[in-house]
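The values are calculated or read from the model by the stated rules, or taken from the named source; none is laboratory data. A quick note: this is a predicted structure, and the numbers were derived from the prediction, not measured. Here Cβ is always computed from backbone atoms with ideal geometry, including for glycine, and neighbour counts include all displayed protein chains.
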Amino acid sequence: MQDKPFLSPNDIASELAVSTSTVLRLIHEQRLPAIRVSERIYRIPVAAFEKYKAGALESPSPARVSAEVKKRPRIGAGERLPEAAEPIARVRSA
Amino acid sequence: MSQSLAQIASYLGGLAVYLRNLGAEVLEPVLDRYDSGEIGFAITAQLPGSNDPKPALITAQEIWQPAGSGRFERSEYGYDLIDYPANRRRAFHMHDVSEYLSRLGVTAHEHCEEVLGKPTCDHYLGLPVYSGYEGLNALLACWSDPGPLGCAKLRCAR
């Protein structure tokens, strides 16, 4: 059994005793963190809602820029590169 | 679109806070300088919820190449979700661009494993992901959905 609790805007509206449209406004104004699943569906992790209620949401600040020069990493390291695709003409004639 | 070093540092800080405010644990991000003259970063977020057998992890990696006048352009990325509790994986990648272009005719590809470590296709054709926010939100949407990832609906590129 997974423990991945999420709330819907309706759940939050009930909890805060406000309308769902008010919750959606909070989400659109980026005052309430939410995962956008589709144009009309949002999910709010319980942990995010707890932070919101506690006034513990963080404000962004710039990341530190390292003074050290590192070896360039390789994204996708260990990933097998794809086989060459068959030429389109061969695929069509098959 | 090119960005200054300061803009990329702000963007990276924003990505980390975006994940933290959703309840994830993220270490302080650092924008690295590479021996190639490029810059980039890798951040890992431990997602809230089940820890069995391990917490779900999201990683975001980006490499930005110099674009002149002290500015940089994002040239490679990898956004990965390994959802250990749900035993599955989803990822959006753009790297080794010339190889992928010559072999598959695309710059971006995706990974999708309904069962972790047992992909039915090594690479799926993908569309470019325009920012880390877009990539992370797409992975978080997968993580928050108990249904199948929908790998069978993607187009296998071999």
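Within the bounds of the stretch B:119-126, is there any residue that is closer than 26 Å to B:GLU38 by Cα, touching a His at 6+ places or on another chain (Cβ under 9 Å) and without any contact (Cβ under 8 Å) to a residue 60 or more places away in the chain?
Looking for residues that are closer than 26 Å to B:GLU38 by Cα, touching a His at 6+ places or on another chain (Cβ under 9 Å) and without any contact (Cβ under 8 Å) to a residue 60 or more places away in the chain, one finds at least one in the stretch B:119-126, hence yes.
Name the residues in the stretch B:110-134 that are out of contact with any Asp or Glu (no Cβ under 7 Å at 6 or more places or on another chain), at pLDDT below 95 and crowded, with 20+ Cβ neighbours inside 10 Å, would you? Within the stretch B:110-134, B:HIS123 is the sole residue that qualifies. Filtering the stretch A:5-24 for residues that are in contact with a Phe, Trp or Tyr (Cβ under 6 Å, 6 or more places away or on another chain), in a loop (DSSP other than H, G, I, E, B) and at the interface with another protein chain (Cβ under 9 Å from one of its Cβ atoms) leaves an empty set. Candidates are the residues of the stretch A:30-55 that are in a loop (DSSP other than H, G, I, E, B) and aliphatic (A, V, I, L, M); the one that is surrounded by the most Cβ atoms within 10 Å (Cβ to Cβ) is A:ALA34.
On the given criteria, is B:ASP145 buried (at least 19 other Cβ atoms within 10 Å of the Cβ) and among the acidic types (Asp, Glu)? No; evaluated as a whole, the condition is false for this residue.
Where strands (runs of 3 or more DSSP E) fall entirely within the stretch B:16-110, those with at least 1 residues that are more than 8 Å from every other protein chain (Cβ to nearest Cβ) and either in contact (Cβ under 8 Å) with a residue 12 or more places away in the chain or closer than 24 Å to A:ARG80 by Cβ (or both) are at B:39-46, B:57-68, B:71-83, B:88-94. Restricting the stretch A:68-86 to residues that are at the interface with chain B (Cβ under 7 Å from one of its Cβ atoms) and in contact with a His (Cβ under 8 Å, 6 or more places away or on another chain) leaves a set whose member that is modelled with the highest pLDDT is A:ILE75.
Screening A:ILE75, A:ILE27 for residues that are surrounded by 16 or more Cβ atoms within 10 Å (Cβ to Cβ) and within 30 Å of B:ARG158 (Cα to Cα) leaves exactly one candidate, A:ILE75.
Scanning the stretch B:40-52 for residues that are at pLDDT 95 or above and surrounded by fewer than 21 Cβ atoms within 10 Å (Cβ to Cβ) yields B:ALA42, B:THR44, B:GLN46. When you look at B:GLY14, is it over 19 Å from A:VAL69 (Cβ atoms) and touching a helix residue (DSSP H, G or I) at 6+ places or on another chain (Cβ under 9 Å), yes or no? The answer is yes for B:GLY14.
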